[in-house]
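Enquirer: Take a look at this one; I'll ask things after.
The values are calculated or read from the model by the stated rules, or taken from the named source; none is laboratory data. In this text the structure is predicted, and so the values were computed from the model without any measurement. Here the Cβ positions follow ideal geometry from the backbone for every residue, glycine too, while neighbour counts run over all protein chains shown.
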Amino acid sequence: MNRKLILRLLGAILAIEAIAMVPSLLISLYFQDGDSLVLGLCALGMLILGLLLWYVMKSPQGTHLRLREGFIVVALGWLVLSLGGALPFFFSGRYPRFEDAFFESVSGFTTTGATVLTEFEGFPRGIMFWRATTHWVGGMGVLVLTLALLPRLTGRTSHLVKAESPGPSLSKLVPHTGTTAKLLYLIYMALTGMEFLALLLCGLSPYDAAMHALSNAGTGGFSNYGSSVAAFQNPAAEAVITAFMFMFGVNFALYYRFLIAGPKDKIRSFFRDEEFRWYFGATVSFMVLLTLLNLSFYQGNWVSSFRYSAFEIASVFSTTGFATTNFNEWSVASQMLIFLAMWLGASAGSTAGGIKFIRILLLSKVARRSVRATGQPKKVQVIRLDGKAVDENMLNQIAIFAIVYITLVIAGGFLLSLEGKFSAMDNLSAALTCVSNVGPAFGALASDFAGYGIWGKLLCSFLMLAGRLELFPMLILFTKHAWTK
(Lines give C-alpha, C1' and ligand atoms only; values in the text may rest on other atoms or scores of the structure.)
Protein backbone atom coordinates (compact mmCIF):
# COMPACT_ATOMS: atom_id res chain seq x y z
CA MET A 1 0.00 0.00 0.00
CA ASN A 2 1.33 3.42 -1.02
CA ARG A 3 1.11 5.08 2.41
CA LYS A 4 3.14 8.13 1.42
CA LEU A 5 0.77 8.88 -1.46
CA ILE A 6 -2.17 8.59 0.93
CA LEU A 7 -0.51 11.06 3.32
CA ARG A 8 0.24 13.43 0.41
CA LEU A 9 -3.41 13.45 -0.59
CA LEU A 10 -4.48 14.02 3.01
CA GLY A 11 -2.10 16.98 3.04
CA ALA A 12 -3.72 18.34 -0.11
CA ILE A 13 -7.13 18.03 1.53
CA LEU A 14 -5.95 19.98 4.60
CA ALA A 15 -4.48 22.71 2.39
CA ILE A 16 -7.71 23.02 0.39
CA GLU A 17 -9.71 23.16 3.61
CA ALA A 18 -7.49 25.95 4.91
CA ILE A 19 -8.05 27.97 1.73
CA ALA A 20 -11.81 27.36 1.99
CA MET A 21 -11.70 28.93 5.46
CA VAL A 22 -10.42 32.28 4.13
CA PRO A 23 -13.86 33.74 3.17
CA SER A 24 -15.10 33.06 6.71
CA LEU A 25 -12.00 34.80 8.07
CA LEU A 26 -12.65 37.84 5.87
CA ILE A 27 -16.28 38.01 6.98
CA SER A 28 -15.19 37.76 10.60
CA LEU A 29 -12.76 40.64 10.06
CA TYR A 30 -15.40 42.72 8.27
CA PHE A 31 -18.02 42.32 11.00
CA GLN A 32 -15.40 42.35 13.79
CA ASP A 33 -17.15 39.51 15.59
CA GLY A 34 -14.10 38.51 17.65
CA ASP A 35 -13.33 35.12 16.08
CA SER A 36 -11.00 36.23 13.28
CA LEU A 37 -7.89 35.21 15.26
CA VAL A 38 -9.21 31.67 15.78
CA LEU A 39 -10.18 31.29 12.12
CA GLY A 40 -6.86 32.72 10.97
CA LEU A 41 -4.73 30.49 13.19
CA CYS A 42 -6.72 27.36 12.30
CA ALA A 43 -6.43 28.12 8.58
CA LEU A 44 -2.69 28.86 8.85
CA GLY A 45 -1.99 25.73 10.91
CA MET A 46 -3.85 23.45 8.50
CA LEU A 47 -2.20 25.09 5.48
CA ILE A 48 1.31 24.59 6.90
CA LEU A 49 0.61 20.96 7.88
CA GLY A 50 -1.01 20.24 4.54
CA LEU A 51 1.84 21.69 2.49
CA LEU A 52 4.41 19.83 4.62
CA LEU A 53 2.65 16.52 3.98
CA TRP A 54 2.34 17.27 0.28
CA TYR A 55 6.00 18.20 -0.27
CA VAL A 56 7.68 15.87 2.23
CA MET A 57 5.74 12.66 1.60
CA LYS A 58 7.02 12.03 -1.92
CA SER A 59 6.53 8.37 -2.62
CA PRO A 60 9.12 6.21 -4.44
CA GLN A 61 6.12 4.36 -5.84
CA GLY A 62 5.07 7.51 -7.70
CA THR A 63 1.55 8.88 -8.01
CA HIS A 64 -0.16 5.67 -9.13
CA LEU A 65 -3.39 5.22 -7.15
CA ARG A 66 -4.95 1.78 -6.80
CA LEU A 67 -8.54 0.89 -5.97
CA ARG A 68 -8.00 0.00 -2.29
CA GLU A 69 -5.88 3.10 -1.73
CA GLY A 70 -8.60 5.23 -3.32
CA PHE A 71 -11.23 4.01 -0.89
CA ILE A 72 -8.89 4.48 2.09
CA VAL A 73 -8.04 8.03 0.96
CA VAL A 74 -11.74 8.87 0.70
CA ALA A 75 -12.58 7.51 4.17
CA LEU A 76 -9.51 8.97 5.93
CA GLY A 77 -9.82 12.18 3.94
CA TRP A 78 -13.32 12.83 5.23
CA LEU A 79 -12.26 12.06 8.80
CA VAL A 80 -9.33 14.49 8.52
CA LEU A 81 -11.58 17.06 6.86
CA SER A 82 -14.13 16.79 9.68
CA LEU A 83 -11.49 17.01 12.41
CA GLY A 84 -9.96 20.08 10.79
CA GLY A 85 -13.36 21.69 10.33
CA ALA A 86 -14.15 21.18 14.01
CA LEU A 87 -11.16 23.22 15.20
CA PRO A 88 -12.66 26.71 14.66
CA PHE A 89 -15.89 25.59 16.32
CA PHE A 90 -14.07 24.26 19.37
CA PHE A 91 -11.39 26.94 19.84
CA SER A 92 -13.91 29.74 19.38
CA GLY A 93 -15.54 28.53 22.60
CA ARG A 94 -18.95 28.35 20.93
CA TYR A 95 -18.90 24.55 21.25
CA PRO A 96 -17.53 23.80 24.73
CA ARG A 97 -17.11 20.04 24.13
CA PHE A 98 -15.04 18.68 21.25
CA GLU A 99 -17.58 15.99 20.39
CA ASP A 100 -20.10 18.78 19.80
CA ALA A 101 -17.68 20.60 17.49
CA PHE A 102 -16.87 17.34 15.68
CA PHE A 103 -20.57 16.48 15.29
CA GLU A 104 -21.24 19.94 13.82
CA SER A 105 -18.31 19.64 11.43
CA VAL A 106 -19.31 16.15 10.27
CA SER A 107 -22.90 17.30 9.84
CA GLY A 108 -21.65 20.22 7.76
CA PHE A 109 -19.31 18.37 5.43
CA THR A 110 -21.68 15.42 4.95
CA THR A 111 -24.41 18.01 4.14
CA THR A 112 -26.68 16.51 6.78
CA GLY A 113 -27.55 19.75 8.53
CA ALA A 114 -28.29 18.27 11.96
CA THR A 115 -27.02 20.52 14.73
CA VAL A 116 -26.28 20.57 18.44
CA LEU A 117 -26.93 24.31 18.64
CA THR A 118 -29.93 25.39 20.68
CA GLU A 119 -29.31 29.15 20.53
CA PHE A 120 -28.50 31.13 17.38
CA GLU A 121 -28.78 34.67 18.68
CA GLY A 122 -25.48 36.55 18.86
CA PHE A 123 -23.54 33.77 17.12
CA PRO A 124 -20.43 35.13 15.33
CA ARG A 125 -20.97 35.64 11.61
CA GLY A 126 -17.56 34.26 10.67
CA ILE A 127 -18.19 30.95 12.44
CA MET A 128 -21.72 30.81 11.01
CA PHE A 129 -20.34 31.34 7.53
CA TRP A 130 -17.84 28.53 8.09
CA ARG A 131 -20.77 26.25 8.94
CA ALA A 132 -22.36 27.05 5.57
CA THR A 133 -19.02 26.70 3.78
CA THR A 134 -18.63 23.14 5.08
CA HIS A 135 -21.87 22.30 3.26
CA TRP A 136 -20.61 23.78 0.00
CA VAL A 137 -17.23 22.02 0.21
CA GLY A 138 -18.78 18.70 1.17
CA GLY A 139 -21.62 18.89 -1.34
CA MET A 140 -19.67 18.15 -4.49
CA GLY A 141 -16.89 16.41 -2.59
CA VAL A 142 -13.44 17.47 -1.48
CA LEU A 143 -11.76 14.63 -3.41
CA VAL A 144 -13.50 15.78 -6.59
CA LEU A 145 -12.08 19.25 -5.89
CA THR A 146 -8.66 17.72 -5.23
CA LEU A 147 -8.72 15.95 -8.59
CA ALA A 148 -9.77 19.19 -10.26
CA LEU A 149 -6.83 21.07 -8.74
CA LEU A 150 -4.25 18.22 -8.75
CA PRO A 151 -4.86 16.18 -11.91
CA ARG A 152 -1.38 14.66 -11.86
CA LEU A 153 -2.43 11.40 -10.23
CA THR A 154 -2.19 8.29 -12.35
CA GLY A 155 -3.98 4.99 -12.15
CA ARG A 156 -7.68 4.50 -11.53
CA THR A 157 -8.38 7.99 -10.17
CA SER A 158 -12.04 7.68 -11.15
CA HIS A 159 -12.43 5.48 -8.06
CA LEU A 160 -11.89 8.59 -5.90
CA VAL A 161 -14.89 10.20 -7.55
CA LYS A 162 -16.93 6.99 -7.49
CA ALA A 163 -16.29 6.44 -3.80
CA GLU A 164 -17.17 10.03 -2.93
CA SER A 165 -19.95 10.91 -5.38
CA PRO A 166 -23.48 9.78 -4.48
CA GLY A 167 -24.89 7.08 -6.72
CA PRO A 168 -24.04 3.62 -8.08
CA SER A 169 -22.24 4.88 -11.19
CA LEU A 170 -19.95 7.69 -12.28
CA SER A 171 -20.99 9.69 -15.35
CA LYS A 172 -17.76 10.93 -16.87
CA LEU A 173 -18.49 14.08 -18.85
CA VAL A 174 -15.20 13.87 -20.74
CA PRO A 175 -12.56 11.08 -20.94
CA HIS A 176 -10.17 12.66 -18.39
CA THR A 177 -11.28 12.42 -14.75
CA GLY A 178 -9.55 15.65 -13.74
CA THR A 179 -11.31 17.59 -16.50
CA THR A 180 -14.62 16.03 -15.50
CA ALA A 181 -14.04 17.22 -11.93
CA LYS A 182 -13.37 20.76 -13.17
CA LEU A 183 -16.54 20.79 -15.25
CA LEU A 184 -18.59 19.53 -12.30
CA TYR A 185 -17.26 22.31 -10.07
CA LEU A 186 -17.86 24.97 -12.72
CA ILE A 187 -21.51 23.89 -12.99
CA TYR A 188 -21.71 23.76 -9.19
CA MET A 189 -20.34 27.29 -8.81
CA ALA A 190 -22.59 28.64 -11.56
CA LEU A 191 -25.73 27.26 -9.91
CA THR A 192 -24.62 28.59 -6.52
CA GLY A 193 -24.07 32.04 -8.01
CA MET A 194 -27.46 31.98 -9.71
CA GLU A 195 -29.21 31.21 -6.43
CA PHE A 196 -27.25 33.91 -4.61
CA LEU A 197 -28.37 36.53 -7.14
CA ALA A 198 -31.96 35.28 -7.08
CA LEU A 199 -32.10 35.54 -3.27
CA LEU A 200 -30.69 39.07 -3.44
CA LEU A 201 -33.54 39.98 -5.81
CA CYS A 202 -35.97 38.52 -3.25
CA GLY A 203 -34.78 41.07 -0.69
CA LEU A 204 -32.31 39.04 1.38
CA SER A 205 -29.12 40.70 2.59
CA PRO A 206 -25.87 39.67 0.84
CA TYR A 207 -24.80 37.76 3.96
CA ASP A 208 -28.11 35.85 4.30
CA ALA A 209 -28.23 35.19 0.55
CA ALA A 210 -24.68 33.80 0.55
CA MET A 211 -25.31 31.69 3.66
CA HIS A 212 -28.40 30.04 2.25
CA ALA A 213 -27.03 29.67 -1.29
CA LEU A 214 -23.97 27.82 0.03
CA SER A 215 -26.09 25.61 2.30
CA ASN A 216 -28.61 24.90 -0.44
CA ALA A 217 -25.95 24.09 -3.04
CA GLY A 218 -24.57 21.37 -0.80
CA THR A 219 -28.14 20.29 0.11
CA GLY A 220 -27.13 20.75 3.73
CA GLY A 221 -29.58 23.08 5.41
CA PHE A 222 -27.49 25.04 7.93
CA SER A 223 -29.09 28.44 8.50
CA ASN A 224 -28.04 31.38 10.63
CA TYR A 225 -31.54 31.48 12.11
CA GLY A 226 -33.03 29.07 14.62
CA SER A 227 -36.29 28.95 12.64
CA SER A 228 -34.39 28.37 9.36
CA VAL A 229 -35.96 29.84 6.21
CA ALA A 230 -39.18 30.56 8.15
CA ALA A 231 -37.36 33.51 9.74
CA PHE A 232 -37.63 35.50 6.49
CA GLN A 233 -41.40 35.14 6.06
CA ASN A 234 -40.64 35.71 2.38
CA PRO A 235 -42.70 33.61 -0.07
CA ALA A 236 -40.51 34.66 -3.02
CA ALA A 237 -37.34 33.50 -1.26
CA GLU A 238 -39.07 30.24 -0.31
CA ALA A 239 -40.01 29.66 -3.96
CA VAL A 240 -36.43 30.29 -5.10
CA ILE A 241 -35.00 27.96 -2.45
CA THR A 242 -37.59 25.29 -3.29
CA ALA A 243 -36.63 25.43 -6.98
CA PHE A 244 -32.91 25.23 -6.26
CA MET A 245 -33.33 22.40 -3.74
CA PHE A 246 -34.90 20.41 -6.57
CA MET A 247 -32.20 21.52 -9.02
CA PHE A 248 -29.33 20.50 -6.75
CA GLY A 249 -30.97 17.07 -6.46
CA VAL A 250 -30.54 16.52 -10.22
CA ASN A 251 -27.61 14.56 -11.64
CA PHE A 252 -25.02 17.19 -12.59
CA ALA A 253 -24.19 15.28 -15.76
CA LEU A 254 -27.61 16.31 -17.08
CA TYR A 255 -26.68 20.00 -16.76
CA TYR A 256 -23.64 19.33 -18.92
CA ARG A 257 -25.83 17.60 -21.50
CA PHE A 258 -28.19 20.57 -21.32
CA LEU A 259 -25.35 22.99 -22.08
CA ILE A 260 -24.02 21.08 -25.08
CA ALA A 261 -27.45 20.13 -26.50
CA GLY A 262 -29.04 22.00 -29.37
CA PRO A 263 -31.79 24.59 -28.72
CA LYS A 264 -34.59 22.09 -29.40
CA ASP A 265 -33.06 19.30 -27.32
CA LYS A 266 -32.19 21.16 -24.10
CA ILE A 267 -35.34 20.25 -22.14
CA ARG A 268 -35.48 16.79 -23.74
CA SER A 269 -31.95 16.12 -22.47
CA PHE A 270 -33.43 15.97 -18.97
CA PHE A 271 -36.53 13.93 -19.69
CA ARG A 272 -34.65 11.36 -21.76
CA ASP A 273 -33.03 10.31 -18.48
CA GLU A 274 -35.16 7.66 -16.78
CA GLU A 275 -33.96 8.50 -13.27
CA PHE A 276 -34.82 12.19 -13.76
CA ARG A 277 -38.35 11.26 -14.87
CA TRP A 278 -38.79 9.24 -11.67
CA TYR A 279 -37.32 12.01 -9.51
CA PHE A 280 -39.47 14.69 -11.15
CA GLY A 281 -42.61 12.55 -11.07
CA ALA A 282 -42.14 11.52 -7.44
CA THR A 283 -41.46 15.11 -6.35
CA VAL A 284 -44.62 16.42 -8.01
CA SER A 285 -46.71 13.48 -6.74
CA PHE A 286 -45.51 13.83 -3.15
CA MET A 287 -46.08 17.59 -3.24
CA VAL A 288 -49.66 17.15 -4.41
CA LEU A 289 -50.40 14.33 -1.95
CA LEU A 290 -48.92 16.22 1.01
CA THR A 291 -50.87 19.33 0.01
CA LEU A 292 -54.08 17.31 0.14
CA LEU A 293 -53.17 15.72 3.47
CA ASN A 294 -52.35 19.13 5.01
CA LEU A 295 -55.39 20.93 3.65
CA SER A 296 -57.38 20.55 6.87
CA PHE A 297 -54.38 21.70 8.95
CA TYR A 298 -54.34 24.97 6.98
CA GLN A 299 -58.13 25.42 7.26
CA GLY A 300 -58.76 24.67 3.59
CA ASN A 301 -56.27 27.26 2.32
CA TRP A 302 -54.85 25.63 -0.82
CA VAL A 303 -52.12 28.23 -1.29
CA SER A 304 -50.74 27.88 2.24
CA SER A 305 -50.99 24.11 2.16
CA PHE A 306 -49.10 23.89 -1.14
CA ARG A 307 -46.55 26.52 -0.08
CA TYR A 308 -45.42 24.65 3.02
CA SER A 309 -45.92 21.12 1.67
CA ALA A 310 -43.98 21.74 -1.55
CA PHE A 311 -41.09 23.33 0.35
CA GLU A 312 -40.88 20.41 2.80
CA ILE A 313 -40.97 17.75 0.08
CA ALA A 314 -38.24 19.52 -1.92
CA SER A 315 -36.22 19.85 1.30
CA VAL A 316 -36.55 16.18 2.27
CA PHE A 317 -36.14 14.68 -1.22
CA SER A 318 -33.00 16.74 -1.81
CA THR A 319 -31.95 15.97 1.81
CA THR A 320 -31.36 19.70 2.36
CA GLY A 321 -33.21 20.04 5.65
CA PHE A 322 -34.33 23.68 5.39
CA ALA A 323 -37.66 24.31 7.10
CA THR A 324 -40.48 26.82 6.92
CA THR A 325 -42.70 24.99 9.41
CA ASN A 326 -42.57 22.24 12.04
CA PHE A 327 -43.84 19.08 10.30
CA ASN A 328 -44.16 17.39 13.70
CA GLU A 329 -47.39 19.39 14.09
CA TRP A 330 -48.90 17.84 10.94
CA SER A 331 -51.08 14.75 10.89
CA VAL A 332 -49.64 11.26 11.36
CA ALA A 333 -50.27 10.50 7.68
CA SER A 334 -48.28 13.60 6.64
CA GLN A 335 -45.43 12.65 8.94
CA MET A 336 -45.37 9.12 7.52
CA LEU A 337 -45.09 10.58 4.01
CA ILE A 338 -42.12 12.68 5.17
CA PHE A 339 -40.59 9.58 6.81
CA LEU A 340 -40.91 7.67 3.51
CA ALA A 341 -39.36 10.55 1.56
CA MET A 342 -36.34 10.50 3.89
CA TRP A 343 -35.38 7.08 2.54
CA LEU A 344 -35.47 8.01 -1.13
CA GLY A 345 -33.10 10.92 -1.64
CA ALA A 346 -32.73 12.45 -5.10
CA SER A 347 -30.56 11.57 -8.11
CA ALA A 348 -27.19 9.89 -8.36
CA GLY A 349 -24.46 12.36 -9.21
CA SER A 350 -26.18 15.16 -7.29
CA THR A 351 -25.25 16.69 -3.94
CA ALA A 352 -28.18 14.94 -2.21
CA GLY A 353 -28.11 11.94 0.13
CA GLY A 354 -30.56 9.05 0.52
CA ILE A 355 -30.76 5.74 -1.33
CA LYS A 356 -31.18 7.55 -4.70
CA PHE A 357 -33.93 7.13 -7.25
CA ILE A 358 -31.74 5.18 -9.66
CA ARG A 359 -31.44 2.42 -7.07
CA ILE A 360 -35.17 2.49 -6.30
CA LEU A 361 -35.87 2.35 -10.04
CA LEU A 362 -33.59 -0.62 -10.67
CA LEU A 363 -34.74 -2.50 -7.56
CA SER A 364 -38.35 -2.12 -8.72
CA LYS A 365 -37.40 -3.58 -12.11
CA VAL A 366 -35.65 -6.49 -10.40
CA ALA A 367 -38.79 -7.08 -8.31
CA ARG A 368 -41.02 -7.03 -11.42
CA ARG A 369 -38.68 -9.45 -13.16
CA SER A 370 -38.83 -11.82 -10.19
CA VAL A 371 -42.64 -11.78 -10.25
CA ARG A 372 -42.77 -12.43 -14.00
CA ALA A 373 -40.21 -15.25 -13.65
CA THR A 374 -42.67 -17.26 -11.55
CA GLY A 375 -44.91 -17.63 -14.62
CA GLN A 376 -42.12 -17.78 -17.22
CA PRO A 377 -39.11 -19.31 -15.45
CA LYS A 378 -37.17 -20.09 -18.66
CA LYS A 379 -37.54 -16.66 -20.25
CA VAL A 380 -34.42 -14.48 -20.18
CA GLN A 381 -35.40 -10.99 -19.04
CA VAL A 382 -32.78 -8.28 -19.36
CA ILE A 383 -33.19 -5.18 -17.21
CA ARG A 384 -32.61 -1.95 -19.08
CA LEU A 385 -32.00 1.64 -18.00
CA ASP A 386 -32.39 4.37 -20.62
CA GLY A 387 -32.58 1.62 -23.22
CA LYS A 388 -29.27 0.02 -22.23
CA ALA A 389 -28.86 -3.36 -20.55
CA VAL A 390 -27.80 -3.15 -16.91
CA ASP A 391 -24.99 -5.43 -15.79
CA GLU A 392 -26.15 -8.14 -13.36
CA ASN A 393 -23.19 -7.41 -11.12
CA MET A 394 -24.40 -3.84 -10.68
CA LEU A 395 -27.88 -5.10 -9.81
CA ASN A 396 -26.37 -7.36 -7.15
CA GLN A 397 -24.35 -4.45 -5.74
CA ILE A 398 -27.47 -2.29 -5.54
CA ALA A 399 -29.36 -5.04 -3.70
CA ILE A 400 -26.48 -5.42 -1.24
CA PHE A 401 -26.33 -1.66 -0.77
CA ALA A 402 -30.05 -1.52 0.05
CA ILE A 403 -29.71 -4.33 2.60
CA VAL A 404 -26.69 -2.73 4.29
CA TYR A 405 -28.42 0.67 4.23
CA ILE A 406 -31.55 -0.60 5.97
CA THR A 407 -29.47 -2.65 8.42
CA LEU A 408 -27.36 0.37 9.30
CA VAL A 409 -30.45 2.51 9.98
CA ILE A 410 -32.07 -0.12 12.20
CA ALA A 411 -28.83 -0.95 14.03
CA GLY A 412 -28.09 2.74 14.45
CA GLY A 413 -31.54 3.37 15.92
CA PHE A 414 -31.05 0.50 18.37
CA LEU A 415 -27.58 1.66 19.45
CA LEU A 416 -28.83 5.21 19.95
CA SER A 417 -31.63 3.86 22.15
CA LEU A 418 -29.01 2.48 24.58
CA GLU A 419 -28.62 6.01 25.94
CA GLY A 420 -32.25 5.75 27.03
CA LYS A 421 -33.00 9.43 26.43
CA PHE A 422 -35.50 9.37 23.56
CA SER A 423 -38.34 7.23 22.23
CA ALA A 424 -37.87 4.39 19.74
CA MET A 425 -39.31 6.48 16.89
CA ASP A 426 -37.09 9.43 17.75
CA ASN A 427 -33.94 7.27 17.73
CA LEU A 428 -34.92 5.46 14.53
CA SER A 429 -35.66 8.75 12.76
CA ALA A 430 -32.32 10.14 14.03
CA ALA A 431 -30.46 7.16 12.57
CA LEU A 432 -32.36 7.47 9.29
CA THR A 433 -31.81 11.21 8.96
CA CYS A 434 -28.08 10.73 9.66
CA VAL A 435 -27.57 7.90 7.17
CA SER A 436 -29.70 9.69 4.55
CA ASN A 437 -28.00 13.04 5.36
CA VAL A 438 -31.39 14.77 5.65
CA GLY A 439 -30.97 16.69 8.93
CA PRO A 440 -34.21 17.07 10.88
CA ALA A 441 -35.63 14.11 12.79
CA PHE A 442 -38.94 13.54 14.55
CA GLY A 443 -40.21 14.30 18.01
CA ALA A 444 -37.72 15.64 20.53
CA LEU A 445 -34.97 15.67 17.89
CA ALA A 446 -36.81 17.87 15.43
CA SER A 447 -34.75 20.98 16.15
CA ASP A 448 -31.39 19.73 17.46
CA PHE A 449 -29.37 16.71 18.65
CA ALA A 450 -28.00 18.42 21.76
CA GLY A 451 -29.79 15.92 24.01
CA TYR A 452 -27.51 13.04 23.02
CA GLY A 453 -24.41 12.30 25.09
CA ILE A 454 -20.91 11.70 23.75
CA TRP A 455 -21.80 8.15 22.62
CA GLY A 456 -24.86 9.26 20.69
CA LYS A 457 -23.08 12.18 19.00
CA LEU A 458 -20.10 10.08 17.92
CA LEU A 459 -22.39 7.33 16.65
CA CYS A 460 -24.45 9.88 14.70
CA SER A 461 -21.20 11.28 13.27
CA PHE A 462 -20.22 7.83 12.03
CA LEU A 463 -23.68 7.28 10.51
CA MET A 464 -23.48 10.64 8.72
CA LEU A 465 -20.05 9.83 7.28
CA ALA A 466 -21.12 6.34 6.24
CA GLY A 467 -24.24 7.70 4.56
CA ARG A 468 -22.40 10.49 2.71
CA LEU A 469 -19.74 8.09 1.40
CA GLU A 470 -22.32 5.48 0.32
CA LEU A 471 -21.48 3.13 3.22
CA PHE A 472 -18.57 1.07 1.94
CA PRO A 473 -15.56 3.48 2.08
CA MET A 474 -16.20 3.97 5.81
CA LEU A 475 -16.94 0.32 6.51
CA ILE A 476 -13.78 -0.84 4.70
CA LEU A 477 -11.66 0.88 7.37
CA PHE A 478 -12.81 -1.79 9.82
CA THR A 479 -11.59 -4.68 7.67
CA LYS A 480 -8.17 -6.37 7.96
CA HIS A 481 -7.78 -6.33 4.16
CA ALA A 482 -7.65 -2.52 4.12
CA TRP A 483 -4.42 -2.37 6.12
CA THR A 484 -2.48 -5.40 4.89
CA LYS A 485 0.27 -4.98 2.31
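Enquirer: Find the residue count for segment 314-329, including only residues that are crowded, with 21+ Cβ neighbours inside 10 Å and outside any helix (DSSP H, G or I).
Expert: Summing the residues that are crowded, with 21+ Cβ neighbours inside 10 Å and outside any helix (DSSP H, G or I) in segment 314-329 gives 7.
Enquirer: Which condition number in (1) part of a helix (DSSP H, G or I); (2) surrounded by fewer than 20 Cβ atoms within 10 Å (Cβ to Cβ); (3) modelled with pLDDT under 95 is the one that L408 fails?
Expert: (2)
Enquirer: Scan segment 423-451 residue by residue and report those that are part of a loop (DSSP other than H, G, I, E, B), of a type outside the set (S, T, N, Q) and without any contact (Cβ under 8 Å) to a residue 60 or more places away in the chain.
Expert: Once the filter is applied, which keeps residues that are part of a loop (DSSP other than H, G, I, E, B), of a type outside the set (S, T, N, Q) and without any contact (Cβ under 8 Å) to a residue 60 or more places away in the chain, segment 423-451 yields only G451.
Enquirer: Separate question: Can you find, within segment 362-404, the residue that is surrounded by the most Cβ atoms within 10 Å (Cβ to Cβ) among those that are of a type in the set (S, T, N, Q) and closer than 19 Å to S347 by Cα?
Expert: Filtering segment 362-404 for residues that are of a type in the set (S, T, N, Q) and closer than 19 Å to S347 by Cα, the one surrounded by the most Cβ atoms within 10 Å (Cβ to Cβ) comes out as Q397.
Enquirer: Which of (1) buried (at least 18 other Cβ atoms within 10 Å of the Cβ); (2) in a loop (DSSP other than H, G, I, E, B) does S269 not meet, given it meets every other one?
Expert: (2)
Enquirer: Please go through segment 187-216 and give me each residue that is under 20 Å from the mean Cα position of the chain (by Cα) and more than 25 Å from F306 (Cβ to Cβ), ordered by number.
Expert: Within segment 187-216, I187, Y188, M189, A190, T192, G193, F196, A210, M211, L214 qualify.
Enquirer: Moving to a separate point now. Which residues, taken from segment 222-245, are among the hydroxyl-bearing types (S, T, Y) and crowded, with 17+ Cβ neighbours inside 10 Å?
Expert: Of everything in segment 222-245, those that are among the hydroxyl-bearing types (S, T, Y) and crowded, with 17+ Cβ neighbours inside 10 Å turn out to be S223, S228, T242.
Enquirer: Here is a further query. Select the helices (runs of 4 or more DSSP H) contained entirely in segment 148-266, then report the ones holding at least 2 residues which are at pLDDT below 90 and among the polar types (S, T, N, Q).
Expert: Output list reads 177-201.
Enquirer: Sticking with this one: Does T115 satisfy the criteria of being of a type in the set (S, T, N, Q), at positive phi and surrounded by 18 or more Cβ atoms within 10 Å (Cβ to Cβ)?
Expert: When the stated conditions are applied, T115 does not pass them.
Enquirer: Turning to a different aspect of this structure: So, in segment 64-107, how many residues would count as being charged (D, E, K, R), outside any helix (DSSP H, G or I) and either within 17 Å of the chain's Cα centre (by Cα) or under 26 Å from T118 (Cα atoms) (or both)?
Expert: Residues in segment 64-107 being charged (D, E, K, R), outside any helix (DSSP H, G or I) and either within 17 Å of the chain's Cα centre (by Cα) or under 26 Å from T118 (Cα atoms) (or both): 2 in total.
Enquirer: While we're on this one: If you check every pair at least six apart or on different chains, which have Cβ atoms under 9 Å apart with a residue in segment 364-377 that is touching a residue at least 12 places away in the same chain (Cβ under 8 Å) first and a residue that is part of a helix (DSSP H, G or I) and among the β-branched types (V, I, T) second?
Expert: Qualifying pairs under 9 Å: V366/I398.
Enquirer: With the requirement that a residue be more than 23 Å from G40 (Cβ to Cβ) and in contact with a Phe, Trp or Tyr (Cβ under 7 Å, 6 or more places away or on another chain), what does segment 116-130 give you?
Expert: V116, F120
Enquirer: OK, next. Looking at this structure, is E275 surrounded by 15 or more Cβ atoms within 10 Å (Cβ to Cβ), modelled with pLDDT under 95 and part of a helix (DSSP H, G or I)?
Expert: Yes: the conditions hold for E275.
Enquirer: Then there's this: Being part of a helix (DSSP H, G or I) and either buried (at least 24 other Cβ atoms within 10 Å of the Cβ) or not hydrophobic (A, V, I, L, M, F, W, C) (or both): is that true of G467 here?
Expert: yes
Enquirer: Just one of F339, F297, F311 is aromatic (F, W, Y), touching a helix residue (DSSP H, G or I) at 6+ places or on another chain (Cβ under 8 Å), part of a helix (DSSP H, G or I) and surrounded by fewer than 21 Cβ atoms within 10 Å (Cβ to Cβ); which is it?
Expert: Unique residue meeting the criteria: F339.
Enquirer: So V142 clears everything in (1) crowded, with 18+ Cβ neighbours inside 10 Å; (2) closer than 30 Å to D33 by Cβ; (3) at pLDDT 70 or above except one condition, right? Which one?
Expert: (3) is the only condition that V142 fails.
Enquirer: Of these, S447, S417, which one is of a type in the set (S, T, Y) and closer than 25 Å to T351 by Cα?
Expert: Exactly one of S447, S417 is of a type in the set (S, T, Y) and closer than 25 Å to T351 by Cα, namely S447.
Enquirer: Can you tell me which residue within segment 366-400, out of those that are in contact with a Lys or Arg (Cβ under 7 Å, 6 or more places away or on another chain) and of a type in the set (A, V, I, L, M, F, W, C), is nearest to G451 (Cα to Cα)?
Expert: Going through the qualifying residues, I end up with I398.
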